[in-house]
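Taking it in order: structure first as structure tokens, then the write-up.
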Amino acid sequence: MSTSRRPSAWVQLAAVFRKEVRQTARDPRMMFMLVAAPLIQTLVFGFAVDFTTDHVPTVLLDRDRTDVSRLYARQLLADGTLKRTLSAAGPDEVDRDLDDGAAAAAVILPSRLAADLGAHRTAEVQVVLDGTNPNQSTVAGAAASQYFGGVVERMARDRLAAAGRAPPAQLELMPRISYNPELKSPPYMIPGIAALLLLVVTTVVTAMGLAREREMGTLEQVMVTPIRPTVLLFGKIAPYVVIGFVDVMLLVTAGTWVFGVPIRGPLPVLVVGTLLYLLTTLGVGLLVSTISRTQQQSFLAGFLFIMPAVLLSGVMTPIRSMPAWLQAVTLVNPVRHYAELMRSCLLRGAGFGDLRVQLLALAAIGGAVFLAAALRFRTRLG
Amino acid sequence: MIRIGAMAAKETLHVLRDPRTLYLALVMPVVMLFLFGYGVSFDVDHLPLAVADLDRSEASRALVRTVTGARELVSVGEADPADADRLFRRDRAVAVLVIPRDYGEKVARHERVVLQLLADGSDVMVVNQVLAKADALVRAETLRLAGIDLAAAAAPLQVKIWTRYNPAGRSALFLVPGLSAYILALTAVLLTALTVAGEWERGSMEQLFATPVSRLEIVLGKLAPYLVIGMLELLLVVAFGAAVFDVPVRGSLGLFLLVGFFFLVGMLGQGLLISVVTRNQLVATQAGTLSSLLPSLLLSGMVVPIENMPWPLQLLSRVIPARYLVHALRGILLKGNGLSVLWPDLLAVAIFAVLVLYVSTARFQRRLA
């Protein structure tokens, strides 16, 4: 009989939704952090993150000082991977430049280089790398060995020709790169960044928002109203779903306008994927808020989830670089699936058929997390 | 001094009475270090490569054996060049090697052959490695084909590559110093911002002001326990890094702690400033994330090379204290640098600490007047 006096679920839902929207929109700082902050972060990320390694500061020690050694030095530095910033007079100076970080690579051309090569004696070029940044030292090392490998091959060819023998067959690799032929960083980074920011914004805000209500005791006040816990839950979450979609739209638009990120795939894929993803991120936020008492705790706990989820998402570093057991762990990471979905849909133009694995995974993870969160939320309130 | 001690004791009680915060603050660094050490690496092996062998000769099979024989590229089977798009979209392969129909004949006639490599450019980091690896492997096949011919000519020029400080090129050594900066920024800024903003929210800050404790004493007392937590975290990260990932400590531990201390004070001051300005935990979190976490992650040179950024961001990175901390810690841990090299970094974090503490205390005072 009490149910007859209760307003219908939809009316209740609309009321909670309205209250939540009003509360959020009234605080301009809140709107700023929900909408403007992710946009700013995307722009900073887009401009800052460039993993292509070139212009490695290089110190050159040319102990030969002949036309040959100068030619080698010039050609080696010509492609821009290594960039000469210093010239050293002796080995001590090379050490010092590497120690204080003035250079990250050193190329040492031996004395008598030209003379030895002319006399068919073996000469040894030394390349010293600063290994503190393995990414950089690998690229610098590869550039040096590739250049000198070519020199060796050419010399060998010349000598064979001089000896009157036919040179061997020569294989040449011609790369053709699809989707992002100039290998620019933003088109590759921005879809992933969108996944990360959406996670940070929605998870932390739901977790802390609910913990705040509990701290201030307003959650108890709502509980004495006839609103059912499930309705309360959906009403509280619905505004963030809307905000999540607004954020995705903003980020993709900014990516397209500012960084030239293409949109090649069908938009419905993005919509469905985003919806399923938000189910997880909001669910985690809810779950965190039910296990923590204060805002501080819910923030830290939220971060404890966000941190590994971000690191194991393949956004910052390739998943294929992880050990096999860790790769298996990433399968339950919603961020991984959503980032793949975004990247694949925007850049490669993948549709529902290509992305069914990611969509199914997102649905399964999202459903499970949200169900668990909703059940816990209800028992906490009931 | 006694009053500072009392404030610190009160704050410590807060932290200890609810140890969940403490656990989270101390568990987080270990979890992050673990994940960074194992999970974050840029070097990729076993990249799936599809082969479109249009020649199907003895020679082309030998080429495929060389290219996929090493662990770097792994064959996922035969494919038609037209299938490349579908393979990429489903993530089945990252590249397709196309061997032309006349490959065997041309090799036999000692001619030049062009092999095509169709690559999926959507993951820039992976494709860069595919290109470098494929190039090296094809070069290896050229040398193998040349075999006896080139060997007779002997390699006239040898290149010796030495890698200092981190010969095995392990990512953990690179990341631990950066991670310290990140964890410190996270704990210091956010914990203080949240605690102090929490006191504003609950109104207990006003109660504190009714006591004879001066503003500066409140600030120092409130920051002290978090300074201890932060220093513990720093030690934890280095100890864990040394134990699990063999991160060396080649320089002076004293200098390490000194740089860490100043950085921490600066970050704590920044957290205080945020809390005074926002007075709301939710907003404080976002302000903290935007002003300290993100810069510490992105503009410090921790993961992303600073040299490649556009100049406005490079300029901005000069006022990010994490940049100096990361540089100093790398120098101390990996290179064994001393004060003679690292004094600019120490000076930078010290200046930042003093400046921020001054501004935040001033703001704090005025807020109450």
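The values are calculated or read from the model by the stated rules, or taken from the named source; none is laboratory data. This is a predicted model, so every value here is computed, not measured. Cβ coordinates were reconstructed from backbone atoms using ideal geometry, including for glycine residues, and neighbour counts include every protein chain displayed.
Can you spot a residue in the range B:178-187 that is in contact (Cβ under 8 Å) with a residue 40 or more places away in the chain and within 8 Å of another protein chain (Cβ to nearest Cβ)?
yes
Restricting attention to the range A:164-188, and to residues there that are modelled with pLDDT of 75 or more and over 30 Å from A:Leu346 (Cα atoms), which single residue is surrounded by the fewest Cβ atoms within 10 Å (Cβ to Cβ)?
The extreme case among them is A:Glu172.
With respect to A:Leu183, determine if the residue is under 30 Å from B:Arg89 (Cα atoms) and more than 7 Å from chain B (Cβ to nearest Cβ).
no
A quick yes/no check of all residues on (1) surrounded by fewer than 15 Cβ atoms within 10 Å (Cβ to Cβ); (2) without any contact (Cβ under 8 Å) to a residue 24 or more places away in the chain; (3) within 11 Å of chain A (Cβ to nearest Cβ); (4) in contact with a Pro (Cβ under 7 Å, 6 or more places away or on another chain):
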{"position": "B:Val51", "(1), (2), (3), (4)": "no, no, no, no"}
{"position": "B:Arg56", "(1), (2), (3), (4)": "yes, yes, no, no"}
{"position": "B:Ala62", "(1), (2), (3), (4)": "no, no, no, no"}
{"position": "B:Thr68", "(1), (2), (3), (4)": "no, yes, no, no"}
{"position": "B:Leu73", "(1), (2), (3), (4)": "no, no, no, no"}
{"position": "B:Glu78", "(1), (2), (3), (4)": "yes, no, no, no"}
{"position": "B:Ala84", "(1), (2), (3), (4)": "no, no, yes, no"}
{"position": "B:Phe88", "(1), (2), (3), (4)": "no, no, yes, no"}
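All but one of (1) among the small types (Gly, Ala, Ser); (2) at pLDDT 85 or above; (3) more than 22 Å from A:Gly149 (Cβ to Cβ) hold for A:Ser69; state the number of the condition that does not hold.
The failed condition is (3).
Pairs needed: first member in the range B:298-312, within 16 Å of A:Asp54 (Cα to Cα); second member anywhere, in a loop (DSSP other than H, G, I, E, B); C-beta distance under 6 Å; at least 6 residues apart or different chains.
From residues that are within 16 Å of A:Asp54 (Cα to Cα), the pairs are B:Val304/A:Val49; B:Glu307/A:His55; B:Asn308/A:Asp50.
Scan the range A:51-66 and give yes if some residue there is within 30 Å of A:Thr203 (Cα to Cα) and within 11 Å of chain B (Cβ to nearest Cβ), otherwise no.
yes
Looking at the structure I just gave you, is B:Val113 farther than 30 Å from B:Leu297 by Cβ and within 7 Å of chain A (Cβ to nearest Cβ)?
So B:Val113 fits the description; yes.
Considering each of A:Leu287, A:Leu210, A:Leu251, A:Leu270 in turn, give the residue that is crowded, with 21+ Cβ neighbours inside 10 Å, away from chain B (no Cβ under 13 Å), touching a Ser or Thr at 6+ places or on another chain (Cβ under 7 Å) and in contact (Cβ under 8 Å) with a residue 60 or more places away in the chain.
From the options A:Leu287, A:Leu210, A:Leu251, A:Leu270, the qualifying one is A:Leu251.
Can you report the number of residues in the range A:57-83 which are of a type outside the set (A, V, I, L, M, F, W, C), surrounded by fewer than 19 Cβ atoms within 10 Å (Cβ to Cβ) and closer than 20 Å to B:Asn128 by Cβ?
Of the residues in that region, 3 qualify.
Restricting the range A:290-314 to residues that are closer than 22 Å to B:Asp123 by Cβ and in contact (Cβ under 8 Å) with a residue 40 or more places away in the chain, which is surrounded by the fewest Cβ atoms within 10 Å (Cβ to Cβ)?
A:Val310
What's the number of the only condition in (1) within 7 Å of chain B (Cβ to nearest Cβ); (2) surrounded by fewer than 19 Cβ atoms within 10 Å (Cβ to Cβ); (3) over 19 Å from B:Ala136 (Cβ atoms) that A:Gly131 fails to meet?
That leaves (2) as the condition not met.
Considering only the range B:268-288, state which residues are at the interface with chain A (Cβ under 9 Å from one of its Cβ atoms), surrounded by fewer than 23 Cβ atoms within 10 Å (Cβ to Cβ) and part of a helix (DSSP H, G or I).
If the condition is that a residue be at the interface with chain A (Cβ under 9 Å from one of its Cβ atoms), surrounded by fewer than 23 Cβ atoms within 10 Å (Cβ to Cβ) and part of a helix (DSSP H, G or I), then B:Thr278, B:Val283 are the ones that fit.
Which one is surrounded by the fewest Cβ atoms within 10 Å (Cβ to Cβ) among residues in the range A:84-117 that are out of contact with any strand residue (DSSP E or B) (no Cβ under 8 Å at 6 or more places or on another chain) and under 27 Å from B:Ile332 (Cβ atoms)?
That would be A:Asp92.
Give me the pairs: first residue in the range B:142-162 and more than 12 Å from A:Leu160 (Cβ to Cβ) and within 7 Å of chain A (Cβ to nearest Cβ), second residue at pLDDT below 75 and part of a loop (DSSP other than H, G, I, E, B), beta-carbon distance under 8 Å, and six or more apart or on different chains, which are they?
Going by the 8 Å Cβ cut-off, the qualifying pairs are B:Thr142/A:Pro168; B:Thr142/A:Ala169; B:Leu145/A:Pro168; B:Leu145/A:Ala169.
Just checking, does the range B:24-39 include any residue being touching a Lys or Arg at 6+ places or on another chain (Cβ under 8 Å) and surrounded by fewer than 16 Cβ atoms within 10 Å (Cβ to Cβ)?
There is no residue in the range B:24-39 that is touching a Lys or Arg at 6+ places or on another chain (Cβ under 8 Å) and surrounded by fewer than 16 Cβ atoms within 10 Å (Cβ to Cβ).
Only one of these is facing chain B (nearest Cβ under 10 Å), over 30 Å from A:Arg214 (Cβ atoms) and in contact with a helix residue (DSSP H, G or I) (Cβ under 6 Å, 6 or more places away or on another chain): A:Ala339, A:Ala350, A:Ala301, A:Ala324. Name it.
Just one listed residue meets the conditions, A:Ala350.
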